[in-house]
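The values are calculated or read from the model by the stated rules, or taken from the named source; none is laboratory data. Everything numeric here is computed off the predicted structure, so don't read it as measured data. We place every Cβ from the backbone using ideal geometry, glycine too, and count neighbours over all the protein chains shown. Surface areas here come from the heavy atoms of the whole protein model, side chains and all, with no ligands, DNA or RNA. Shrake-Rupley method; radii C 1.70, N 1.55, O 1.52, S 1.80 Å.
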Amino acid sequence: MMRRAVHVWTRLHALTARPALARRAPLTHAAEPSLRSSSTRAAPHYRRMDYQDAVCTLNTLQTNASALEHVRQERGHPEIQLQAMMGFLKRAGLTVEELDHLNIIHVTGTKGKGSTCAFTEQILRNYGFRTGFYSSPHLVQVRERIRVNGHPIGKDLFTKYFWQVYGRLEETKDAHGDTMPAYFRFLTILAFHVFLQEKVDVAVIEVGIGGAYDCTNIIRRPWVCGISSLGIDHTSILGDTIEKIAWQKGGIFKPGVPAFTVKQQEGPMTVLQERAKDIECPLSVCPDLDQYQSTASGPVRLGLAGWHQRSNASLALQLAQCWLQRRCSTEPVLASAEGFRLCAAPSFQPSPRMLKGLSETEWLGRNQTVTRGSLTYFLDGAHTTRSMQACVSWFSEAATRREANSTGSVVRVLLFNATGERDCAAMLKLLLPCHFDFAVFCPNITETIATCNADQQNFNVSVENMLTRCLDNQQSWRVLNGQEDKPGAELLIGGGLPLVAERRSATLVFPCILSALQWVTQGRDPVLSDPSKRVAPVNASVDAKGAGLREAENVHVLITGSLHLVGGALKHLEPNLAS
């Protein structure tokens, strides 16, 4: 069965292979760039094609399998990574001295760092500051990673700034061993360039992975640093214990620069304290959100759902308050750490602008609900066991509350995928108490047609690997539900695309996100029923398995396990995000 499935998916891989535009072409010059030119001066313009052409070229910088092995070897000498990043920065025409003027807030953590950044950015924008915000990964379009004043930069701006940076790097590659920065390194340089060109007042920078050797850590003089909740993730890169991971995260501390952390477990908190002392960084622990002084407007309201967001909001309040104190004071403001001992950050009365910022914060794909008639989609990009615990708590409460207010029967559906080295079985086990009627698995492929958006393409993993992961997840789910037999039937969607199902259980594997969503919704969602969204029809036996979905008066779908999966789903559910 597996051999046949892989054979068919090889055909699918041909459909999702890199487009011709992704191959590098010689640059067409409108002006010769000066490698000494500062990023704060207008960079030369390159006549290129449209936004999609820029994204396709960007995708050529994704790390392929052979390069990944080189990266792993490089991690044995992590200092090389930052040295390489400094070299790429210089080749792009930027300097670390210029980055000092971005008034940076630097945030790391395992869980909640993106939400913390979103809260912080919204608060400072409410004060009238022009904000820059760099985050990862993107959900629908890559330009979401680079935001100015809360909005992803426009396609025209992305295209313009992309070619300015890419042109400088490509023109210098011959003198530097034909090297170009990898995908994330390039986007980090691009974000710095954009923020300098757009003259932001503050840049909120989310760390990619870890901290000490993450490419964002070329930042040498942030105004304040933050650490959200720590947990186990990226163990092959950061270490296999939470203490080793804490050491990496504490690498963003800088001498004399105030830093704040949410409450951590004893082990990692001790490591953070030692790191702060060694680096001579004043570190403070954020209070619980309910410890902030009450206001006439009542308790603090958050725009992001989920109890776990309360610690992220507290961290954001401390980061924003510290930044504002320095910005608005005529005297240098440095946090006192009493000989660099761990201190409790003081609670204070949040200003109306702070409260408004917390309540207005939006962060797509995190505890997000989309309702369309009798369909309710619950989307959360949880991809670690700790974040999945928070997701289950949120979904259980939100779905139960919605079901109590619904009339008629309700069917619960899990749409799941996970990537990388995640412990999928552990995450799936946490989902068992949600009592799903169907479990559907698919790879992070938005659709199995050649016109799929370049923003959604990922060349770091093979299609065969993605299929194997889906089949493994299906089997794990079956074992967790007490059905240990291997799947007994392979069903094929018309046109030769595979769908694997087991006759006795309500589990299915689809070849792409669109086909999975269309089967789950059974024609209920007019957006997914758009004639432009075509997939090969399922055969009769697969169609019959959807009877329970068609008969239910309400369908609740939890989409989780991967931010890439959630992003692919949002591309179809909210088409305006892809425009």
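Could you name every one of the helices (runs of 4 or more DSSP H) located completely within the stretch 334-435 that has at least 3 residues being farther than 30 Å from PRO258 by Cα? Counting at least 3 such residues, we get 385-404, 424-431. So which residues in the stretch 142-198 are in a helix (DSSP H, G or I), buried (at least 22 other Cβ atoms within 10 Å of the Cβ) and among the β-branched types (Val, Ile, Thr), if there are any at all? VAL142, VAL165, THR188, ILE189, VAL194, listed by residue number.
LEU334 falls short on exactly one of the conditions (1) at pLDDT 90 or above; (2) over 24 Å from ILE209 (Cβ atoms), and that condition is (1). When VAL538 is tested against (1) touching a helix residue (DSSP H, G or I) at 6+ places or on another chain (Cβ under 9 Å); (2) without any contact (Cβ under 8 Å) to a residue 60 or more places away in the chain; (3) within 30 Å of GLU144 (Cβ to Cβ), only condition (3) is not met. Looking across the stretch 492-550 at every residue that is of a type in the set (Ser, Thr, Tyr) and part of a helix (DSSP H, G or I), the one that is modelled with the lowest pLDDT is identified as SER541.
Whenever a residue of the stretch 357-373 is without any contact (Cβ under 8 Å) to a residue 60 or more places away in the chain and farther than 21 Å from PRO137 by Cα, its partners that are open to solvent by less than 50 Å² (accessible area, probe 1.4 Å) and assigned to a loop (DSSP other than H, G, I, E, B), lying with C-beta atoms within less than 6 angstrom and at least six residues away or across chains, give the pairs SER359/GLY303. Screening GLY128, GLY109, GLY132, GLY114 for residues that are open to solvent by 20 Å² or more (accessible area, probe 1.4 Å) and not basic (Lys, Arg) leaves exactly one candidate, GLY128. When the stretch 386-402 is filtered for residues that are open to solvent by 50 Å² or more (accessible area, probe 1.4 Å), at pLDDT 90 or above and either charged (D, E, K, R) or in contact with a Leu (Cβ under 9 Å, 6 or more places away or on another chain) (or both), the ones remaining, listed by number, are GLN389, GLU397, ARG401, ARG402.
Taken as a whole, the stretch 244-255 holds at least one residue that is aromatic (Phe, Trp, Tyr), under 28 Å from ARG185 (Cβ atoms) and open to solvent by 60 Å² or more (accessible area, probe 1.4 Å). None of GLY128, GLY167, GLY93 is among the small types (Gly, Ala, Ser) and on the phi < 0 side of the Ramachandran plot except GLY167.
For every residue, the table says whether it meets (1) modelled with pLDDT under 95; (2) more than 24 Å from the chain's Cα centre (by Cα).
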site: SER228; (1), (2): no, no
site: THR235; (1), (2): yes, no
site: THR241; (1), (2): yes, no
site: MET269; (1), (2): no, yes
site: GLU274; (1), (2): no, yes
